[in-house]
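In what follows, a single structure is set out as structure tokens and then discussed.
The values are calculated or read from the model by the stated rules, or taken from the named source; none is laboratory data. Worth saying up front: this structure is predicted, and the values here are computed from it rather than measured. When we count neighbours, we look across all protein chains shown, and the Cβ atoms used for this are built from the backbone with ideal geometry, even at glycine. Heavy atoms of the whole protein, side chains included, go into the accessibility calculation; ligands, DNA and RNA do not. Shrake-Rupley method; radii C 1.70, N 1.55, O 1.52, S 1.80 Å.
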Amino acid sequence: VLQDISLYAQPGQKIAFVGATGAGKTTITNLINRFYEIDRGQICYDGIEIGQIKKADLRRSLGIVLQDVNLFTGTVMENLRYGNPDASDEVCIQAAKLANAHNFIMMLPDGYQTVIGENGSTLSGGECQRLSIARALLKDAPVILLDEATASLDVDNETEIQEAVSKLIKGKTVLVIAHRMRTVENADKIVVLDGGVVAESGTHAELMKKNGLYARLVELQTASADWKLNGR
């Protein structure tokens, strides 16, 4: 449960939420989407309390890329167009190219008309994520919510998807849930959650200088990465 959280996102800002599992990171994005409602306090979008905005309108203005991609049984093109039902084939293909998805799609048996299984069961994790990013590009929402899409991918896939994400968030207001500290070093603000409260906030440099919880999280992940790299 979140307690006494007070945040403000300026237009075009990238704000990252970090913290241990259960700290409240995903709860924040779930509340912004109105997947469930707050029982006190306010969440305002452009000065309007989100409870006063129709859910369909609210969610139409939010682009969302999650770790677990939701794809349905249908063609690749149908899955892409879910981001914008009015988009032409040409616009969908352009979005796929920006998301680094076009090349793998063209290698599928029927290209964009290839039928994929429920939740992309016939595709790899990296391929599913690139389709999800292409779909978000088609939506062209002013606010992007990212539950770090690269957290469970290998290095090759991660590099391609980070490139696609960079194109997706350009000029947008971005809220990102970070599992890997190194992916948020360039965020305008990093919010460190601990037990449902804001333990620290600031830029990467400011938080490292404080040598508090954020610095310890960075140190732990760096040590873990070194351990894996050296094969111990």
task = Please figure out what share of the DSSP beta bridges in the range 104-214 is antiparallel and state it in percent, rounded to the nearest 5.
result = 50
key: Rel. contact order, % - alpha carbon contacts under 8 angstrom, at least six apart, the range 48-157   = 45
request  = Would you mind telling me the share, in percent, of accessible area of the chain contributed by carbon and sulfur at probe 1.4 angstrom?
outcome  = 50
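Ranked by accessible surface with a 1.4 Å probe, highest first, in what order do Val191, Val69 come?
On the way: Val191 0, Val69 20 Å².
Descending order: Val69, Val191.
Cα gyration tensor of the range 1-137, axes a ≥ b ≥ c as square roots of the eigenvalues: rounded (a/c below 1.5), prolate (a/b > b/c) or oblate? Please report the intermediate quantities before stating the final value.
Values: a/c = 2.43, a/b = 1.98, b/c = 1.23.
In terms of gyration-tensor shape, prolate.
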remark   = Around Ile48 (Cβ within 12 Å, Cβ-to-Cβ, excluding Ile48; K/R +1, D/E -1) the net charge comes to -2
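Using only helices, what value at 222 nm comes out for the chain when you add -39,500 (n - 2.57) per DSSP H run of length 4 or more and divide by the total residues, to the nearest 500 deg cm²/dmol? Before the final figure, lay out the partial values.
On the way: 9 runs with 89 residues, N = 232.
Theoretical 222 nm ellipticity from helices: -11000 deg cm²/dmol.
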query = In Å, what is the Rg of the alpha-carbon atoms in the range 37-92, and how long is Dmax?
reply = 15.4, 46
key: Considering only the chain, percent of DSSP beta bridges that pair antiparallel, nearest 5   = 35
key: Calculated from backbone phi, Karplus (6.51, -1.76, 1.60) coupling profile of the range 53-61 in Hz, x at Gly/Pro   = 9, 4, 4, 4, 5, 4, 5, 5, 8
ask   = Can you give the Kirkwood hydrodynamic radius for the chain, in Å, rounded to one decimal and based on Cα pairs?
value = 18.8
In sequence order, calculated HN-Hα J values of the range 100-117 (Karplus, 6.51, -1.76, 1.60; Hz; x Gly/Pro) = 6, 10, 4, 4, 6, 5, 5, 8, 6, x, 10, x, 5, 9, 5, 7, 10, x
inquiry  = Using only the Cα atoms of the range 1-45, what are the Rg and Dmax in Å?
reply    = 11.0, 29
ask   = How big is the range 21-62 by Rg and Dmax over its Cα atoms, in Å?
value = 10.6, 31
request  = Using a 10 angstrom cutoff on alpha carbons, build the Gaussian network for the chain and name the most mobile of Ile105, Ile53, Ile169.
outcome  = Ile53
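If contacts are Cα pairs under 8 angstrom and at least 6 residues apart, what is the relative contact order of the chain in percent? Provide the component values of the computation, followed by the final result.
Values: 353 pairs, mean separation 69.8, N = 232.
Normalised by residue count, the contact order of the chain is 30 percent.
Keeping all protein chains in place, calculate the accessible area per residue for the chain (probe 1.4 angstrom), answer in Å².
On the way: 12730 Å² over 232 residues.
With all protein chains present, the chain gives 55 Å² per residue.
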ask   = Once amide H atoms are placed 1.01 Å from N in the peptide plane, what residues at a sequence separation of 5 or more from His179, or on another chain, have their amide H within under 5 Å of its amide H?
value = Glu148
